[in-house]
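So the structure is just underneath, and the comments pick up after that.
Any read-out appearing in this document is the output of simple, stated calculations on the displayed coordinates, not a laboratory observation. Since the model is a prediction, treat every value here as computed from it, not as a measurement. Positions of Cβ are backbone-derived with ideal geometry, glycine not excepted, and every protein chain shown enters the neighbour counts.
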Amino acid sequence: MERFPPCAATLTRIDALARDTFLYRFELERPIPFRAGQFVNMAVPTAKPRPERSYSVFSDPGQPGTLGLCIKLLEGGAASEMLRVAKVGDAYSFRGPMGVFTLADDGEPVSFVATGTGIAPYHAMLAEYARRLALKEVAPRTFRLYFGVRDEGDLFLTDTLDRWAKELPDFGYEVCLSRPSASWTRPAGRVTAALAAALPVGVPPAGHFYLCGNGPMIEETKALLAERGVDRKRVHYEKYY
Ligand SMILES: Cc1cc2nc3c(=O)[nH]c(=O)nc-3n(C[C@H](O)[C@H](O)[C@H](O)COP(=O)(O)OP(=O)(O)OC[C@H]3O[C@@H](n4cnc5c(N)ncnc54)[C@H](O)[C@@H]3O)c2cc1C
Ligand SMILES: NC(=O)c1ccc[n+]([C@@H]2O[C@H](COP(=O)([O-])OP(=O)(O)OC[C@H]3O[C@@H](n4cnc5c(N)ncnc54)[C@H](OP(=O)(O)O)[C@@H]3O)[C@@H](O)[C@H]2O)c1
């Protein structure tokens, strides 16, 4: 039997999040039980070299019958052009869940680093954590998020992040705009600079580091963490491209 048999799905909702970035919700024909941080493959018949594309699940794994995917549409991309004309009620097909980019269950502090839609797996992890914390199923844990995008037009999810910053016992986040408009009054710069400034010098920082998004950011962050003495086993990454 195929390890990940295709699962039919119906597109039920599309929400615009930021420039070219949308949240697509799908109702699955059967649940795909997944762990927060995992991804699914969406069938894209026109895509090469394989007729599918991978997407981290954005939605809470507590609802395995639905999938929420946060996707940035790229000019001329096979999946992007398919999704640009997507309508509620359209049929899709997914395989999964795949991947090992999931939270270590040792309760240690966690630092998340994201560029763009690389925030999707962290949304799933934090949504699950917030839900389970309210039910007293998990203990409080320290989370820090560094979220990098180019400018204000690419920024999204800040309402949810602000709510979590208020409601969760030890969650903090920093938005890093690399090319903000002239009206941006907070500091500008890449996520790598914000993380470097937050890390102690001379003492290896505690906890786990999760990196998700573009490849160059991941490579630079891995080098920074190695330089600051972080054990490789505590550095987890998911490279989108
Ligand atoms: C494990 C995994 C999880 C992923 N999760 C997500 C997700 O949650 N949301 C999401 O939007 N994308 C995600 N991606 C990227 C996604 O799989 C596709 O590559 C992306 O949607 C472009 O596909 P496309 O068919 O439209 O473009 P393609 O026809 O593949 O062409 C796009 C080109 O741009 C590059 N590229 C891919 N993604 C980006 C990007 N975001 N910015 C700039 N260049 C890019 C590719 O290398 C390729 O050369 C993930 C990738 C992986 C491997
Ligand atoms: N967002 C736009 O305005 C825009 C417009 C036209 C086309 N596009 C295209 O859309 C695609 C996605 O663009 P995107 O802006 O969403 O994603 P992106 O190019 O991955 O950039 C997201 C963030 O990652 C940063 N980054 C890039 N390399 C890094 C590194 N080595 N270390 C640390 N941070 C790094 C970027 O900073 P920098 O800004 O310093 O690179 C930016 O803040 C690209 O193909 C892009 O060319 C985007």
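Ranked highest first by average number of other Cβ atoms within 10 Å, how do 11-19, 110-118 line up?
110-118, 11-19
Can you give me the relative contact order of segment 110-239 as a percent, contacts being Cα pairs under 8 Å and 6 or more apart?
29 percent
Which whole-Hz couplings ³J(HN,Hα) result when phi for each residue of segment 23-37 is put into the Karplus expression 6.51 cos²θ - 1.76 cosθ + 1.60, θ = phi - 60°, listed in order with x for Gly and Pro?
9, 9, 10, 10, 9, 8, 5, 9, x, 10, x, 10, 9, 3, x
Can you compute the charge dipole magnitude of segment 7-98 about its Cα centre, using +1 on each Lys and Arg Cβ and -1 on each Asp and Glu Cβ, nothing else charged? Give it in debye, rounded to the nearest 20. Don't skip to the answer; put the middle values down first.
Numbers: 12 positive and 9 negative charges, 34 e Å.
Dipole magnitude for segment 7-98 comes out near 160 debye.
Reported to two decimal places, what Rg/Rh ratio describes segment 110-239 when computed on Cα atoms with Rh from the Kirkwood expression?
On the way: Rg = 14.7 Å, Rh = 15.3 Å.
Expressed as Rg/Rh, it is 0.96.
Report, to two decimal places, the Cα Rg of segment 25-170 normalised by 2.2 N^0.38 Å (N = number of residues).
Values: Rg = 16.1 Å, N = 146, 2.2 N^0.38 = 14.6 Å.
Ratio of Rg to 2.2 N^0.38 Å for segment 25-170: 1.10.
Express the relative contact order of the chain as a whole percentage, based on alpha carbon pairs under 8 Å and six or more residues apart in sequence.
Across the chain, relative contact order equals 18 percent.
5 Å is the cut-off here: which amide hydrogens, built 1.01 Å from N in the peptide plane, fall below it relative to R35, excluding neighbours closer than 5 in sequence?
Close amide H contacts, sequence-distant or interchain: none at all.
Which value in deg cm²/dmol, rounded to the nearest 500, describes the helix-derived mean residue ellipticity at 222 nm for the chain, given -39,500 (n - 2.57) per DSSP H run of n ≥ 4 and division by the residue count?
Numbers: 5 runs with 53 residues, N = 241.
Counting only the DSSP helices, I get -6500 deg cm²/dmol.
With +1 on each Lys and Arg Cβ and -1 on each Asp and Glu Cβ, how big is the dipole of segment 110-239 about its Cα centre, in debye rounded to the nearest 20?
Roughly 300 debye for segment 110-239.
Could you derive backbone 3J(HN,Hα) for segment 232-241 from the dihedral phi with the Karplus parameters 6.51, -1.76 and 1.60 (θ = phi - 60°), listing whole Hz in sequence and x where the residue is Gly or Pro?
In residue order, the calculated couplings are 4, 5, 9, 10, 10, 9, 9, 9, 7, 7 Hz.
So if I place +1 on the C-beta of Lys and Arg and -1 on the C-beta of Asp and Glu, and nothing else carries charge, what would the dipole magnitude of the chain be about its Cα centre? I want it in debye, nearest 20. Show your work: numbers first, answer last.
Working: 30 positive and 28 negative charges, 52 e Å.
Dipole size: approximately 260 debye.
Out of L67, A91, A43, whose Cα points farthest toward the positive end of the dipole of segment 32-102 (charges: +1 Lys, Arg; -1 Asp, Glu; placed on Cβ)?
Towards the positive end, the residue furthest out is A43.
Taking a cut-off of 18 Å between Cα atoms, list the lysines near K87, but don't count ones fewer than 8 places away on the same chain.
Excluding near neighbours in sequence, the set is K72.
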